[in-house]
Amino acid sequence: MLRTTIEQLENAARILEPDSDLRGTLTTQVLNYANDFLNRIDTGKGYEKEDASSKLYDLPINESGYDMSTLLEMLSIAVDRPGINPASGGHTGYIPGGGIYPSALADYMADITNRYAGIYFANPGAVRMENMLLRWMADMIGYPQEAQGNLTSGGSIANLVAITTARDALQIKSAQIPHSVIYLTEQTHHCVQKAIRIAGMGECILRQIPLDAEYRMDVTRLHEQVRKDKAEGLRPAIVIASVGSTDTGAVDPVNDIADVCTSEGLWLQIDAAYGGFFQLVPELTHHFKGVEKSDSYILDPHKGLFLPYGTGAVLVKHGAHLHASHWYKAHYMQDAANQDEFSPADLSPELTKHFRGLRMWLPIQLFGLTPFRAALKEKWMLAQYFYEKIREAGFETGPQPQLSVVTYRHTDGIDDPNAFNQALIAAIHRDGRIFISSTLIYDQFWLRLAVLCFRTHLWHVDLLLEMLIAARNNLLEKKTH
Ligand SMILES: *Cc1c(COP(=O)(O)O)cnc(C)c1O
């Protein structure tokens, strides 16, 4: 009786293990979908304003399921069309992401084999692979052998891990929080303030250090503020520097900031989520002078290494600090003890995690570093090119781009530049072929170009220039009539 019921249940659940024929059919359908998507990527839009996402509710979750073709049709209409298309080279807003093909294949294999990447005992290979990738990044920034790190889901969690580690390494306990000071700038990514709050340090004193003319932290002002805080009996604790701010792409003067941190005994956390991988470009290494003097560092392979979303990285120079904040012990884990390598579970908040090392390892090993360096240099040069051309077209520009973000707006002969440039970006969004975003700098409305998608090439930038000039002229004409 018990056996019969169990066998009936096994039958009812059999579809969870499709046979090789069904696997073949499903895989072909998905491959065709993916190929169509990629074949149309250059003729499609960077942004679609029309939102059909509520169609998802037309297929409620039920007992019997739907055909793959119905589901792929839904995916196309409700998910892959509306909003920004991050896979498109026409995405030049915010900080674009990646999505290189071998990473998708790697994810496929990671999901099929479902290797357990959290603990060395469970899968030594997956953990060594992750540690090898972290070592490669640590070598790039010049961290010593004792550095440790973790592949996170993104830059926000990487910042959270770094800030939590700094808190514990500095022994900032609850009593010290109201007197501890954290230094950042108006350009610091908002996820840092979120991380500070989540790490229980929301009541620390946050000092926004003024910016220089190129939106970089003013080091003289930083040093003055640290001395002043010390004189007042406060405890200067952490400085957050950005290597490539999200808004303007500005690179803080890391080497000078590091010297202040060393002489005053502060923890230096560098947020290089956007800019970090530009260090692979020989012409840009001067922006990274002194990064090895920092205490912790974060990068986003899903930005500058063109990986699909879901991969960030944190590195801590003295790995023991990272471990001290994140190790754990549980009786049910006793078989996993004593290993030759640190496990991600000892160095991060996660236990079970996606085998995310494979999506980074496979493309780097398959292609080598040369094409990554070339693509990054191309993105940097596209930004320089746009900067020259948009000036020639009569737009006002922010500073010459240090990496690949350009800020610009049209002001010539305009009474209300903020309103004018808002109207201009609305026209670009209605068009949608190229997507751009905007920002407020000292209450002024600026348009931004951010080149980082590996698919963004010269023709996209030329098309954007054409669209901007036409839309600007159109608005000017309307004004005079
Ligand atoms: C994108 C970004 C972040 C946040 O990273 P996520 O991967 O989006 O979580 C943090 N800092 C900077 C400078 C960034 O550009």
(message) So if the hydrodynamic radius of region 140-295 is defined as the Kirkwood radius over C-alpha pairs, what does Stokes-Einstein give as its diffusion coefficient at 4 °C and 1.567 mPa s, in µm² per second?
(response) 82
(request) Could you please report the charge total around F420, scoring K, R as +1 and D, E as -1 over all other residues with beta-carbon less than 12 angstrom from its beta-carbon? (result) 0
(message) Tell me the relative contact order for region 111-178 as a rounded percent, counting alpha carbon contacts under 8 Å between residues six or more apart.
(response) 16
(request) Relative to the compact-globule scaling 2.2 N^0.38 Å, provide the ratio for the alpha-carbon radius of gyration of region 441-481. (result) 1.53
(request) Within the set of other residues whose C-beta is less than 11 Å from the C-beta of Y94, count the net charge using Lys and Arg as +1 and Asp and Glu as -1. (result) +1
(request) Work from the charge dipole of region 1-87 (Cβ charges, +1 for Lys and Arg, -1 for Asp and Glu, about the Cα centre) and give the residue of Y47, Y33, I15 farthest towards its positive end. (result) Y47
(message) What is the ratio of the Cα radius of gyration of region 209-291 to 2.2 N^0.38 Å, with N the residue count, to two decimals?
(response) 1.12
(request) Would you calculate, for the chain, the mean residue ellipticity at 222 nm contributed by helices, counting each DSSP H stretch of 4 or more residues as -39,500 (n - 2.57) and dividing by all residues, to the nearest 500? (result) -13500 deg cm²/dmol
(request) In Å³ and rounded to a whole number, note down the convex hull volume per residue for the Cα atoms of region 23-162. (result) 188
(message) Rounded to two decimals, what is the ratio between the C-alpha radius of gyration of region 122-227 and 2.2 N^0.38 Å?
(response) 1.29
(request) Could you go through region 172-188 in sequence order and give the Karplus-derived ³J(HN,Hα) for each residue, using 6.51 cos²θ - 1.76 cosθ + 1.60 with θ = phi - 60°, rounded to whole Hz, and x for Gly and Pro? (result) 7, 8, 4, 5, 7, 4, x, 9, 8, 10, 10, 10, 8, 9, 4, 8, 4
(request) Set the Förster radius R0 to 35 Å, insert the Cβ-Cβ distance between M68 and H286 as r into 1/(1 + (r/R0)^6), and round the FRET efficiency to 0.05. (result) 0.10
(request) Determine the sum of side-chain charges near T43: Lys and Arg each +1, Asp and Glu each -1, restricted to other residues whose C-beta is under 13 angstrom from that of T43. (result) +2
(request) Using the Karplus curve 6.51 cos²θ - 1.76 cosθ + 1.60 with θ = phi - 60°, work out ³J(HN,Hα) for each residue of region 65-79 in order, rounded to whole Hz, and write x for Gly and Pro. (result) x, 10, 5, 4, 5, 4, 5, 5, 4, 4, 4, 5, 6, 8, 10
(request) Show the residues, 5+ positions off or on another chain, whose built amide H is closer than 5 Å to the amide H of K353. (result) A117, G118
(request) Order these peptides, 18-30, 35-47, 302-314, by their mean beta-carbon neighbour count within 10 angstrom, highest first. (result) 302-314, 35-47, 18-30
(request) Kindly identify region 1-62 as rounded, prolate or oblate by the Cα gyration tensor criterion: order the square roots of the eigenvalues as a ≥ b ≥ c, call it rounded if a/c is under 1.5, otherwise compare a/b with b/c, prolate if a/b is larger, else oblate. (result) oblate
(message) I need two numbers for region 375-473: Rg to one decimal and Dmax as a whole number, Cα atoms only, in Å.
(response) 12.7, 40
(message) From the P(r) of region 295-445, could you give the percentage of C-alpha pairs in the tail past 22 Å?
(response) 62
(message) For the chain, give me the percentage of DSSP beta bridges that are antiparallel, rounded to the nearest 5 percent.
(response) 55
(request) Starting from the Cα gyration tensor of region 266-318, take the square roots of the eigenvalues, sort them a ≥ b ≥ c, and report rounded, prolate or oblate (rounded when a/c is under 1.5, otherwise prolate if a/b is larger than b/c, else oblate). (result) oblate
(message) Taking the Kirkwood radius as the inverse of the mean 1/r across Cα pairs, report the Rg/Rh of the chain.
(response) 1.01
(message) Using Cα-Cα distances under 8 Å and only pairs 6 or more residues apart, what relative contact order does region 412-480 have, in percent?
(response) 30
(message) From the phi angles alone, apply the Karplus equation (6.51, -1.76, 1.60; θ = phi - 60°) to region 199-211 and give each ³J(HN,Hα) in whole Hz, x where the residue is Gly or Pro.
(response) 6, x, 10, x, 9, 5, 8, 9, 10, 8, 7, x, 9
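Values in this text are rule-based calculations from the coordinates and carry no lab data. Keep in mind it's a predicted model, so treat the numbers as computed, not measured. Positions of Cβ are backbone-derived with ideal geometry, glycine not excepted, and every protein chain shown enters the neighbour counts.
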